[in-house]
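The values are calculated or read from the model by the stated rules, or taken from the named source; none is laboratory data. Keep in mind that what you see is a predicted model, and the values were worked out from it rather than measured. So basically every Cβ, Gly included, is an ideal-geometry build from the backbone, and we count neighbours across all protein chains shown.
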Amino acid sequence: MRISACGAYIPSEVLTNFDLEKIVDTSDKWITERTGIKERRIEKDKSTSFMAFEAVKNLLKNFKNPKEILENTLGIIVATSTPDYLFPSTACIVQGELIKEYKLDNPPQVCFDVLAACSGFIYSLYNAYNLLKNSEKKYFIVIGSERYSKIVNWEDRSTCILFGDGAGAVLLEKTEKDHFLAFDIGSDGRQKHLLYVPCVGQDSEKNYFLKMKGNEVFKIAVRTLEKSILNVLKKANVSPEEISYVIPHQANIRILKLVSERTKIPLEKFFINIEKFGNTSAASIPLALKEAWDKNLIKKDDLVVFTAFGGGFTWGSTLIRF
Ligand code: UT7
């Protein structure tokens with residue numbers, strides 16, 4: 001199994017820290033120093049499923065015959081906490097659009113969303129990896145697509161400055177050699193009050209926006225990411241010095257600096273693009289991967305770790321030999 005292609009959709013509208021200064025009581029200096037974010041993208045008009053579909057179309061540009069790829073694809077998973085609907089799933093909507101666009105006779109069949117907040121992409125990879133292993137088909141499409149601009153409270157400076165919109169997609173391909181060396185996946189639901197988004201219809205809630213006790217989440221994120229990265233390395237018997245890149249969920253540059261110190265993987269090996277996109281939740285790893293891929297940073301045989309932590313709490317890491 002390997003990742004053989006990736007794609008992305010990046011909304012065109014840019015919201016800078018200076019723009020935010022006009023909306024809430026904040027400053028470019030505070031946001032930059034406390035988070036590493038300079039700007040983020042906002043998708044005003046289009047839905048999460050639209051962004052996911054565009055990311056897949058972008059991915060399929062890598063192939064001469066996209067129809068053949070899609071007809072040999074077992075399914076589609078969309079990792080998202082901001083779906084268009086509770087149901088149908090975002091993945092089903094994307095599948096419907098792909099059938100029309102590529103005139104598919106035999107479309108991907110196992111289509112569903114994964115809701116694991118910022119860890120959703122790793123959870124989805126883990127699901128797709130295991131489903132594809134036991135199938136006759138050759139491919140699986142895994143997407144992270146998020147529109148947090150719709151669920152943050154634009155009057156709450158402690159959260160609205162953090163998030164952005166976007167989508168990334170990867171093609172998982174069954175190969176003779178398994179390039180996935182290890183997964184580490186976990187969850188702990190005991191501290192659900194520290195980071196959550198109420199569902200519409202929850203009578204006890206005054207509003208349905210994202211709520212986070214950032215400071216507490218920060219500390220748990222650092223400890224958990226450290227542990228999860230070290231777990232995948234241990235499982236695969238690989239040392240921190242052997243790692244070429246870490247492609248992390250982009251929540252806060254200070255979290256990544258601390259995780260780098262604690263895992264002894266130098267910060268230069270962490271691929272960081274938080275300054276441009278902020279926290280795009282489940283989309284952040286595939287968006288970062290796409291950028292690293294386009295810049296030709298990841299070479300054959302490089303050892304790369306993906307790692308994420310998010311609401312639930314959930315977390316996950318995987319170690320891949322590219
Ligand atoms: O992606 C999933 C997981 N999410 C995360 O991992 C996020 C984790 N948390 C964080 O990244 C950080 O906790 C934040 C960036 C959210 C906040 O940074 P912090 O250093 O933990 O700040 P804080 O919440 O402790 O607040 C420090 C001060 C407070 O003022 P006082 O009480 O010291 O006077 C806040 O009111 O900063 C104030 N503050 C702000 N000031 C200017 C909070 N937000 C802002 C703001 N602009 N946007």
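Lys257 falls short on exactly one of the conditions (1) within 16 Å of the ligand (Cβ to nearest atom); (2) within 14 Å of the chain's Cα centre (by Cα); (3) basic (Lys, Arg), and that condition is (2).
Only a single item in (1) within 16 Å of the ligand (Cβ to nearest atom); (2) modelled with pLDDT under 95 is not met by Gln202, and it is number (1). For region 289-298, the criterion of a residue being under 16 Å from the mean Cα position of the chain (by Cα), closer than 29 Å to Asn58 by Cβ, charged (D, E, K, R) and buried (at least 22 other Cβ atoms within 10 Å of the Cβ) is satisfied by at least one position. Residues in region 260-294 that are more than 16 Å from the ligand (Cβ to nearest atom), closer than 28 Å to Ser149 by Cα and out of contact with any Phe, Trp or Tyr (no Cβ under 8 Å at 6 or more places or on another chain): Lys276, Lys290, Trp293, Asp294. Keeping to region 11-32, report how many residues are under 27 Å from Gly168 (Cα atoms), within 10 Å of the ligand (Cβ to nearest atom) and out of contact with any Ser or Thr (no Cβ under 8 Å at 6 or more places or on another chain). So the answer is 1. With a requirement of 2 or more residues that are free of Cβ contacts under 8 Å to residues at least 60 places away in the same chain and on the phi < 0 side of the Ramachandran plot, the helices (runs of 4 or more DSSP H) lying completely within region 230-322 that satisfy it span 253-263, 284-294.
Filtering region 37-61 to residues that are buried (at least 20 other Cβ atoms within 10 Å of the Cβ) and within 16 Å of the ligand (Cβ to nearest atom) leaves Ile37, Arg40.
Residues in region 228-242 that are of a type in the set (Lys, Arg) and within 15 Å of the ligand (Cβ to nearest atom): 0 in all. Filtered by the rule that a residue be touching a Gly at 6+ places or on another chain (Cβ under 8 Å) and assigned to a helix (DSSP H, G or I), region 186-223 gives Gly189, Lys192. In a residue-by-residue description of region 125-142, the property of being within 16 Å of the ligand (Cβ to nearest atom) and touching a residue at least 60 places away in the same chain (Cβ under 8 Å) applies to no position. Looking across region 211-224 at every residue that is surrounded by 16 or more Cβ atoms within 10 Å (Cβ to Cβ) and more than 9 Å from the ligand (Cβ to nearest atom), the one that is nearest to Phe270 (Cα to Cα) is identified as Thr224. Between a residue in region 210-228 that is within 22 Å of Thr318 (Cα to Cα) and any residue that is near the ligand (Cβ under 10 Å from one of its atoms) and of a type in the set (S, T, N, Q), which pairs come within a Cβ distance under 7 Å, given they are 6 or more apart or on different chains? Between residues of region 210-228 that are within 22 Å of Thr318 (Cα to Cα) and residues that are near the ligand (Cβ under 10 Å from one of its atoms) and of a type in the set (S, T, N, Q), the close pairs are Phe218/Asn252. Residues in region 138-172 that are in a helix (DSSP H, G or I) and under 16 Å from the mean Cα position of the chain (by Cα): Tyr148, Ser149. Apart from one condition, Thr175 fits all of (1) in a loop (DSSP other than H, G, I, E, B); (2) touching a residue at least 12 places away in the same chain (Cβ under 8 Å); (3) farther than 23 Å from Ile298 by Cβ; the exception is (3). Looking at this structure, is Phe87 in contact (Cβ under 8 Å) with a residue 60 or more places away in the chain and either among the hydrophobic types (A, V, I, L, M, F, W, C) or assigned by TED's automatic domain parsing to the domain that holds Val14 (or both)? The answer is no for Phe87.
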